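In what follows, a structure is listed as structure tokens, so that the remarks can point back to it.
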Amino acid sequence: MSTVALIVAAGRGLRAGGETPKQWQPLAGARVADHTVARFRAHPRIDQVVLVIHPDDESLAPAGVAVVHGGATRADSVRAGLEALAHRGVDRVLIHDVARPCVPAAVIDAVLDALDDTPGAAPAVPVTDALWTGTGGEVSGTQPREGLFRAQTPQGFRFDAILGAHRARTRNAADDVEVARADGLRVTITPGSEDNLKITHPGDFARADRILKESSMDIRLGNGFDVHAFEPGDHVVLCGVKVPHDRALMGHSDADVAMHAVTDAIYGALAQGDIGRHFPPSDPQWKGAESHIFLTHAVELAREIGFAIGNIDCTIICERPKVGPHAAAMRAEMARIMGLEPARVSIKATTSERLGFTGREEGIAALATCTLVKA
């Protein structure tokens, strides 16, 4: 099941003040949009993040995020984002306002859980204050607060249902719940959060800054390095892909030097040692084992401890075989094993300019870096 976060960031945000739209203004060491995108990229149940932006803001979009140009209204921008995702196998979509950079993971989870049983779900906070009506600056009456909620995002939907609702829309709408209900879709209310504020006025930046600093992300980096020598054979296994070669790699397992480096990078970011600690080479049960067993264990351990993989970068160091023709397949296989979108996995290669053991073609080395983000 594919889940996409569609973040709407095409507005101008004039009420927030400043010389640039609020989504590009600084907040807690980054920009509003950077924090919002990071929340969804770090969530383990989100497969892809797509940002809907104003055409003039193309150069401002965060690196590595897919972008779509928005329209004149919020509803038009959402429609543009949905149309860009049509026919791409998306099952569920979470539509979120970029101006809500503090959305907790628990709010996202509640919406996703509800979508198992309903075509639409959205977070909200019950109204607890007394409500008045007013005329000319004076109270003219009261309004019962029972059954009233303050709507939030992300608003989640089964993709085909909300795309059909937007295609059928004939007038502007305040949010996607209104669009969905106008098309007859049921929308379940899920728990919102007071921290999930929407930056609207200048004073909201200070509050969002406090929330982000109080719940600052735990970001960790790990690196891994591995080496395997050549032995007689007719192929090597790199990142789970069988690559024809006139020699093989020697090792206790299948000697996938690149996958070992990535696995050790994950363990390193968790401060959990290395592959040898979890799968001792002295244990005969791991003789000839496929390396995806080790990688899967590292990924699952990260999730158990509460971390999501932000990205993986692996460099394979060898003179031969040539990695380039197989890099796309390697990237796809590593992403599949780790449950990541391919955009979060980098596989590349270099030589050592004929220097050292790799230059003499005595073996292959690999270096990997992993970023983990507390989910």
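Since every read-out is calculated from the coordinates, none of them should be taken as a lab result. Computed from a predicted structure; not experimentally measured. Cβ: placed from backbone, ideal geometry, glycine included. Neighbour counts: every protein chain shown.
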Self-check item: Local electrostatic count at Pro44 - Lys and Arg +1, Asp and Glu -1, tallied over other residues with Cβ under 14 Å
Solution: 0
Quiz item: When the chain is treated as a GNM, springs tying every alpha-carbon pair under 10 Å, which of Arg181, Arg92, Arg344 comes out with the largest mean-square fluctuation?
Solution: Arg181
Quiz prompt | About the Cα centre, charge dipole magnitude for the chain (Lys/Arg +1, Asp/Glu -1 at Cβ), debye | solution = 720 debye
Practice problem: Name the shape class, rounded, prolate or oblate, that the alpha-carbon gyration tensor gives for the range 258-359, where a ≥ b ≥ c are the square roots of its eigenvalues, rounded holds for a/c under 1.5, and otherwise prolate holds if a/b is larger than b/c and oblate otherwise. | Solution: oblate
Quiz item: Between Thr20, Thr118, Thr36, which gets the highest mean-square fluctuation from a Gaussian network model of the chain, Cα cutoff 10 Å?
Solution: Thr20
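Give the calculated FRET efficiency between Glu362 and Phe225 to the nearest 0.05, with a Förster radius of 22 Å applied to their Cβ-Cβ distance.
0.85
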Quiz item: With r defined as the distance between the Cβ atoms of Thr200 and Glu304 and R0 fixed at 35 Å, what FRET efficiency is calculated, to the nearest 0.05?
Solution: 0.35
Quiz item: Distance from the Cα centre of the range 258-273 to that of the range 65-106, in angstrom?
Solution: 34 Å
Self-check item: Contour excess over end-to-end distance, with Cα ends at Asp246 and Ser2 and 0.36 nm allotted per residue
Solution: 83.9 nm
Quiz item: Residues with beta-carbon under 12 Å from that of Cys102, excluding Cys102: net charge, scoring Lys, Arg +1 and Asp, Glu -1?
Solution: 0
Self-check item: Inter-centroid distance (Cα atoms) of the range 221-250 relative to the range 119-188, Å
Solution: 56 Å
Quiz prompt | Size of the chain as Cα extents on the principal axes (Å, biggest first) | solution = 88, 43, 39
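Starting from the Cα gyration tensor of the range 3-214, take the square roots of the eigenvalues, sort them a ≥ b ≥ c, and report rounded, prolate or oblate (rounded when a/c is under 1.5, otherwise prolate if a/b is larger than b/c, else oblate).
Taking the square roots of the gyration eigenvalues as a ≥ b ≥ c, the range 3-214 is rounded.
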Quiz prompt | Those lysines that a straight Cα-Cα span of less than 26 Å connects to Lys213, excepting residues fewer than 8 apart in one chain | solution = Lys22, Lys198, Lys374
Quiz item: In nanometres, what is the gap between the two model label sites at Asp209 and Ala106, each 7 Å from Cα along Cα-to-Cβ?
Solution: 2.7 nm
Exercise. Compute the signed sum of charges (Lys and Arg +1, Asp and Glu -1) over the other residues within less than 10 Å, Cβ to Cβ, of Ala366.
Key: -3
Quiz item: Once label points are set 7 Å from the Cα along Cα→Cβ at both Thr73 and Leu131, what is their separation, rounded to one decimal in nm?
Solution: 2.3 nm
